[in-house]
Amino acid sequence: MRNYPMAEENTAPATVEDATVKAPERKKRNVLKRQKTASETPRLTNTPAGKAVSGKARKYSATEKLDKLKSIEAQVANGASTLKDAVKSAGISEQTYYNWKNSVKSDNQTANEVASAGEEFAELVQLEAENHKLRKLLSEKLRAENSDLRKKLGLD
């Protein structure tokens, strides 16, 4: 912190030169820097030609997701491109591809579980009906056998 002399302590006479205040020099902008930013070409992006880059993430419907996944898998299966290239050509990131793929797997698993639960229930109903039928047959057979034994023993 600077210690400025108090007005009473300042005994030096004031001169005209001291009275004029120097205006601070304005900082000059670097003209070259401004020209450089203006002439700078826009960066190339990895988006496919014809697609506009938007600030918001694109929301895909379930059918669009499945279509993109099928096209990517077809490209990779044909050997036309690597997975990375196929994903880029589809216009999505690799992480998005794997997220979609896992969600489709989990959707299929839940659908299969529901279908298998329905099939299991139908099978259970069928087994119960068969069990009831077999019990009836067994009881009829036992009754007939009992009546035959009673006749032989002369109890009837």
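Taken together, the values in this text are just the output of simple stated rules run on the coordinates, not laboratory data. It should be emphasised that the depicted structure is a prediction, and the values quoted were computed from it without experimental measurement. Backbone-built Cβ (ideal geometry, glycine too); neighbour counts: all protein chains shown.
Checking the conditions here, which among Gln95, Gln75 is of a type outside the set (Ser, Thr, Tyr), exposed (fewer than 10 other Cβ atoms within 10 Å of the Cβ) and part of a helix (DSSP H, G or I)?
Every option except Gln95 fails the conditions.
Of all residues in segment 98-114, which are more than 14 Å from Glu64 (Cβ to Cβ) and hydrophobic (A, V, I, L, M, F, W, C)?
Ala111, Val114, listed by residue number.
Any residue in segment 129-148 that's without any contact (Cβ under 8 Å) to a residue 60 or more places away in the chain: show its pairings with residues that are surrounded by fewer than 10 Cβ atoms within 10 Å (Cβ to Cβ) at Cβ separation under 9 Å, as long as the two are six or more apart or on different chains.
Ser147/Asp156
Right, Val87: within 30 Å of Lys65 (Cβ to Cβ), part of a helix (DSSP H, G or I), of a type in the set (A, V, I, L, M) and touching a Leu at 6+ places or on another chain (Cβ under 8 Å) or not? I'd like the intermediate steps shown before the answer.
Working: within 30 Å of Lys65 (Cβ to Cβ): yes; part of a helix (DSSP H, G or I): yes; of a type in the set (A, V, I, L, M): yes; touching a Leu at 6+ places or on another chain (Cβ under 8 Å): no.
No.
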